[in-house]
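Data block below; observations after.
The values are calculated or read from the model by the stated rules, or taken from the named source; none is laboratory data. If you're wondering where the values come from, they're calculated on a predicted model, not measured in any experiment. For neighbour counting, all protein chains shown are included, and Cβ atoms are generated from backbone atoms with ideal geometry for every residue, glycine included. SASA here: full protein model, heavy atoms, side chains in, ligands and nucleic acids out. Shrake-Rupley method; radii C 1.70, N 1.55, O 1.52, S 1.80 Å.
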Amino acid sequence: MHRELVCTEPATPPRLEVRTREAPRPQAGQALVRVQATAVNPIDARRASGYGRRLLGLKGAATFPLVLGNDLAGVVEAVGTGVTRLAPGQRVFGLIATGKEGGAHASHVVVPQEQLRAAPAEVDLETLAVLPYSFSTMWLALRSSGLDAANAAGMRVLVNGASGALGQLSLQLLRAWGGEVTAICGRDKGADCLALGAASAVERGPASIASLPSHFHVVLNFGSWDDDPALASRLGRDALGHVTTVHPLLANFDRLGWLRGALASRREWRAIRSVVARTAPRARYGWTLFKPDAGALDMLAAGLRERKFSLAVGLRAPLEDASAAFAHVTRGEAGRAVLLP
């Protein structure tokens, strides 16, 4: 029997129920995965309160009751026609796209084979379950900035929000690529960021960004939208780009509706873009939104085999105790939260 964690209506704290129904069946190109671990990410806690309903509704992903979650790790139980890379009994990890099909907070999910990768034998499934969403979002931001494995060596990169999940993974990846990273991190997190590969670390504070030199090739803002103008001013003249994952796009549409939300988003994007253009005329500026990406999953899988990437797990809970996992995330407690269906 299939069990799923259902968010019954938008509320804070979330209103959650475990429901049962017939297990889904894989269609062509899909695998049925018995989920053994799935992460609760900050976006899940926010969506449980109704965040993003207007824009995500275009994808059918905002109608309550809904099943949240994007990350998963487990074992393939069955495959549909045309699946050639996976087989029943195989350990896998991967992603579900945000859409009308529902999320990963369930005992069984059907997933396109392109969104699954073989799980390294030496890595436990709980560890794997906290990585795909955060790594993919971070990867998309890096690629949007113009940074990649071929050009990263020696590049000066400023990472805001370096002690969060996206920040930690960016430090690990850029260390492997040879980038020179300055990390802006939370209180007492500097040593952790240095251990993950940052060349220097600064605790976030009123003057922390202004104290930094204006010579960075890339700025990655994983921390706070309010910091975006100051961060843009730290680019050097020859910079590649500045990308943020903490932009106000979804919130603007929620708060202001379609027309005013679009106008506000365009105005705010253009305001930071103008700062970037004055500081670094050839630099890119972008807002990143999550989506599954094959290149990101391939890089994550390769790095896991070499033990390059990890995030600490701070809480494990069955579906029946999911409220504790959501509270853990909402409070910003240490370590990732994992559900064990």
### Task
Can you list which of the trypsin sites (Lys or Arg not before Pro) found in segment 1-88 are DSSP loop residues with at most 13 other C-beta atoms within 10 Å?
R85
### Summary
Scalar couplings 3J(HN,Hα) for segment 115-129 by Karplus 6.51 cos²θ - 1.76 cosθ + 1.60 (θ = phi - 60°), nearest whole Hz, x for Gly and Pro, are 9, 10, 9, 5, 7, x, 4, 8, 10, 6, 5, 5, 5, 5, 5
### Query
Working out 0.36 nm times the residue gap between M1 and A150, then minus their Cα-Cα distance, what length gain in nm do you get to one decimal?
48.9 nm
### Query
Given the options L140, L212, L235, which has the most mean-square fluctuation in a GNM of the chain, springs set between C-alpha atoms less than 10 angstrom apart?
L212
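Count neighbours as other Cβ atoms within 10 Å of each site's Cβ, and list the GluC sites (Glu not before Pro) in segment 1-84 that are DSSP loop with at most 14 such neighbours.
Within segment 1-84, the qualifying GluC sites (Glu not before Pro) (loop, at most 14 other Cβ atoms within 10 Å) are E22.
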### Summary
Once the dipole of the chain is set up from charges on Cβ (+1 Lys and Arg, -1 Asp and Glu), the residue from the list S134, A61, T330 lying farthest towards its positive end is A61
### Message
Loop only by DSSP, 10 or fewer other Cβ within 10 Å of the Cβ. Give me the trypsin sites (Lys or Arg not before Pro) in segment 150-259 that pass, ordered by residue number.
### Response
R187
### Message
Per residue, how much accessible surface does segment 89-158 expose to a 1.4 Å probe? Answer in Å², no decimals.
### Response
31
### Message
Running a GNM on the chain with Cα contacts under 10 Å, which residue among L166, L16, L256 ends up with the highest mean-square fluctuation?
### Response
L256
### Query
Across the chain, how many lysine pairs separated by 8 or more positions, or lying on different chains, have Cα atoms within less than 20 Å?
4
## Note on the structure
Normalised per residue, the volume inside the convex hull of the alpha-carbon atoms of segment 90-203 in Å³ amounts to 140
### Summary
Under a Gaussian network model of the chain whose springs join Cα atoms within less than 10 Å, the largest fluctuation of T279, T182, T20 belongs to T20
### Task
Report the semi-axes of the equivalent ellipsoid for the chain in whole Å, largest first, where each axis is √(5λ) for an eigenvalue λ of the Cα gyration tensor.
33, 23, 18
### Query
If all Cα-Cα distances of segment 153-250 are sorted into 10 Å bins from 0 onward, what percent lands in each bin, rounded to whole numbers?
18, 55, 26, 1
### Message
Just the number: Rg to Rh for segment 251-297, Cα atoms, Kirkwood Rh, two decimals.
### Response
1.12
#### Entry: Carbon + sulfur, % of accessible area of segment 1-73 - ligands and nucleic acids excluded, 1.4 Å
47
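Determine the sum of side-chain charges near R19: Lys and Arg each +1, Asp and Glu each -1, restricted to other residues whose C-beta is under 11 angstrom from that of R19.
Counting the neighbours of R19, the net charge comes to 0.
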### Message
Just to be sure I understand the model, the point goes 7 Å from the Cα along the line to the Cβ. What's the resulting A327 to R19 distance in nm?
### Response
2.5
#### Entry: FRET efficiency estimate (nearest 0.05) - Cβ-Cβ, W258 to A97, R0 30 angstrom
0.85
### Largest-first principal axis extents, alpha carbons of segment 1-62, Å
33, 25, 19
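Subtract the Cα-Cα distance of D188 and S211 from 0.36 nm times their separation in residues, and report this length gain in nm to one decimal.
Numbers: separation 23, 0.36 × 23 = 8.28 nm, distance 1.83 nm.
In short, 6.4 nm is gained.
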### Query
Among W287, I272, L297, which residue has its Cα positioned farthest towards the positive end of the charge dipole of segment 173-300, with +1 placed on the Cβ of Lys and Arg, -1 on the Cβ of Asp and Glu, and the dipole taken about the Cα centre?
I272
### Summary
So the FRET efficiency between K308 and T12, C-beta based with R0 = 41 Å and rounded to 0.05, is 0.65
#### Entry: segment 172-186 - phi-based ³J(HN,Hα) in whole Hz, Karplus 6.51/-1.76/1.60, Gly and Pro as x
5, 5, 5, 4, 5, 8, x, x, 9, 9, 9, 9, 9, 10, x
### Query
For the residue pair K59 and A28, what label-to-label distance in nm results when each label sits 7 Å from Cα along the Cα-to-beta-carbon direction?
2.4
### Query
Against the longest alpha carbon principal axis of the chain, how many degrees, from 0 to 90 and to the nearest 10, is the axis of helix 249-279 turned?
40
